[in-house]
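Trainee: Have a look at this one.
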Ligand code: FRU
């Protein structure tokens, strides 16, 4: 073994697979839309600072969601205030009348104004900006706001979709701790339809934020379901901001949750998956999402290096019928495997017995991004550790017990003797549904993060990793059978050469 260090990087190295801003502070993904061969990614941006500040919309485009080209800042704060999060659509038939009969791009954002000296003194309303040149320049709509201040504070993050069955545009809007649905024929005049969320799912002291709404077919089941995704703001003394979702039906005016109101479904079980949004108008009916790998608890404090904040690898969302009901399943977009100069290696199938170890990647002098997948069946009573980003402790442990499969995740959070943040280190157990004995895992480890998708991505664990990457570590990724035995049934690792 070479020397082992587990300290966080004072100067983080840019990830090679993940989107980061050209400089300065970034938070939520915004305005995700596909138009004319390009995936657009806007994001909450403060180009003048490394901490959250007056919000702009940064902008980038890509043809494959992996290689991004930075474009000019799309939205700047103005007399209406900062430009908070929101969405984008293609106005194919010029319903808005803003595009001279041609298709055009529309952004929906929240204008946020400070209205006094106390922290709670602010107001928010909903605004539009449009582009007639494929998103290269933007004009704010002269009739802003399209939805005025409602008389309460937290009123933000408009997500607009086309609802085919009712032939209306629908806007989902975070309002305090509920989601309101508005509808419109022309994208400019909106009327309130309903409100969802009271006594539903998870509530903290923080507001609900960044809703998303889409319909998907159920794999292995019948028909389709509507999914409502909601960011839950950080409460006091909690592990911070996280993302929940509801499964049910949206009939054009109301969302009906098909689960018990107190059932909480998490889109990610780790700490750093927030403000997730899906692309509007993605080709082939794909539902592709991207999230901010961060947590408001410590987002302003994570190590920076002239830039701060990164997005997940884009993921394709499916709906899976499980023994406990319909759940979201996630996988990295296949484009990930098609890009970059990967060195590919198959993982050998076969048995690994107690005490056995399987190298998933070779020892390396410095950390290289890895995209891997592995599947294995576990004998009764067996226990498996996976070391994917931390040399000193496994990231993941699977235990097959009499009652099923338990997964444990842990993350260190120390810089030498200094705790980075008391909520950063974490360790939790999760029973896995629908599997007595087998595990599939897809992972991506890059500079600064680890993304884990387990059992067809029904479980997602997305985490910042602060291990220093320029010290020499025993950086081999490996699996160790602590007890019992397993049968490897397939796998592959792609290492960025
Ligand atoms: C979520 C959020 C949004 C808001 C934006 C401000 O992370 O708080 O609700 O629009 O960030 O930057």
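Trainee: Could you identify the single residue in 410, 414 that is in contact with a strand residue (DSSP E or B) (Cβ under 9 Å, 6 or more places away or on another chain) and either buried (at least 20 other Cβ atoms within 10 Å of the Cβ) or at pLDDT below 90 (or both)?
Mentor: Answer to the check: 414.
Trainee: Let me ask something else. I'm told residue 205 meets every condition in (1) more than 16 Å from the ligand (Cβ to nearest atom); (2) touching a residue at least 12 places away in the same chain (Cβ under 8 Å); (3) surrounded by fewer than 16 Cβ atoms within 10 Å (Cβ to Cβ) except one. Can you identify the failing condition by its number?
Mentor: (1)
Trainee: Tell me which of these residue 92 doesn't satisfy, since it passes every other one: (1) more than 16 Å from the ligand (Cβ to nearest atom); (2) over 21 Å from residue 276 (Cβ atoms); (3) surrounded by 18 or more Cβ atoms within 10 Å (Cβ to Cβ).
Mentor: Here residue 92 meets the rest and fails (3).
Trainee: Within region 97-110, identify whether any single residue is within 16 Å of the ligand (Cβ to nearest atom), in contact (Cβ under 8 Å) with a residue 60 or more places away in the chain and more than 15 Å from residue 169 (Cβ to Cβ), and answer yes or no.
Mentor: Yes: one or more hits.
Trainee: Restricting to region 52-70, count the residues that are surrounded by 16 or more Cβ atoms within 10 Å (Cβ to Cβ) and away from the ligand (no atom under 14 Å from the Cβ).
Mentor: 7
Trainee: Within region 257-278, count every residue that is within 16 Å of the ligand (Cβ to nearest atom) and within 27 Å of residue 406 (Cα to Cα).
Mentor: Matching residues across region 257-278 total 7.
Trainee: Taking region 19-38, which residues are buried (at least 18 other Cβ atoms within 10 Å of the Cβ) and either free of Cβ contacts under 8 Å to residues at least 40 places away in the same chain or under 15 Å from residue 136 (Cβ atoms) (or both)?
Mentor: Those that are buried (at least 18 other Cβ atoms within 10 Å of the Cβ) and either free of Cβ contacts under 8 Å to residues at least 40 places away in the same chain or under 15 Å from residue 136 (Cβ atoms) (or both): 31, 33, 35.
Trainee: Working only within region 289-312, note down all residues that are more than 14 Å from the ligand (Cβ to nearest atom) and at pLDDT below 95.
Mentor: Within region 289-312, 301, 302, 303, 304, 305 meet the criteria.
Trainee: A follow-up question, please. For region 133-153, give me each residue that is surrounded by fewer than 19 Cβ atoms within 10 Å (Cβ to Cβ) and either closer than 17 Å to residue 87 by Cα or within 16 Å of the ligand (Cβ to nearest atom) (or both).
Mentor: Correct list: 134, 136, 137, 139, 140, 141, 144, 145, 149, 150, 152, 153.
Trainee: Next up: Any chance you could count how many residues in region 236-256 are surrounded by fewer than 17 Cβ atoms within 10 Å (Cβ to Cβ), more than 16 Å from the ligand (Cβ to nearest atom) and touching a residue at least 40 places away in the same chain (Cβ under 8 Å)?
Mentor: The qualifying residues number 4.
Trainee: What number of residues within region 125-169 satisfy the criterion of being in contact (Cβ under 8 Å) with a residue 24 or more places away in the chain and assigned to a strand (DSSP E or B)?
Mentor: The total comes to 20.
Trainee: OK, next. Residues that are surrounded by fewer than 20 Cβ atoms within 10 Å (Cβ to Cβ): list the strands (runs of 3 or more DSSP E) wholly contained in region 274-358 that include at least 1 such residues.
Mentor: 288-292, 315-322, 325-332, 342-346, 350-353
Trainee: Filter region 40-50 for residues that are in contact (Cβ under 8 Å) with a residue 24 or more places away in the chain and touching a strand residue (DSSP E or B) at 6+ places or on another chain (Cβ under 6 Å) and give the result.
Mentor: Answer for region 40-50, where residues must be in contact (Cβ under 8 Å) with a residue 24 or more places away in the chain and touching a strand residue (DSSP E or B) at 6+ places or on another chain (Cβ under 6 Å): 40, 41, 42, 43, 44, 45, 47, 49, 50.
Trainee: Moving to a separate point now. Can you tell me which residues in region 27-43 are within 16 Å of the ligand (Cβ to nearest atom) and outside any strand (DSSP E or B)?
Mentor: Scanning region 27-43 gives no hits.
Trainee: Quick check: anything in region 175-186 at negative phi, within 14 Å of the ligand (Cβ to nearest atom), in a loop (DSSP other than H, G, I, E, B) and in contact (Cβ under 8 Å) with a residue 12 or more places away in the chain?
Mentor: Yes, that holds for at least one residue.
Trainee: Still on this model: Please list, ordered by first then second residue, the pairs with beta carbon atoms under 9 Å, 6 or more apart or interchain, first in region 208-230 and free of Cβ contacts under 8 Å to residues at least 12 places away in the same chain, second in a strand (DSSP E or B).
Mentor: 222/321; 223/217
The values are calculated or read from the model by the stated rules, or taken from the named source; none is laboratory data. As the structure is a prediction and not an experimental result, all values here were calculated from the model. So basically every Cβ, Gly included, is an ideal-geometry build from the backbone, and we count neighbours across all protein chains shown.
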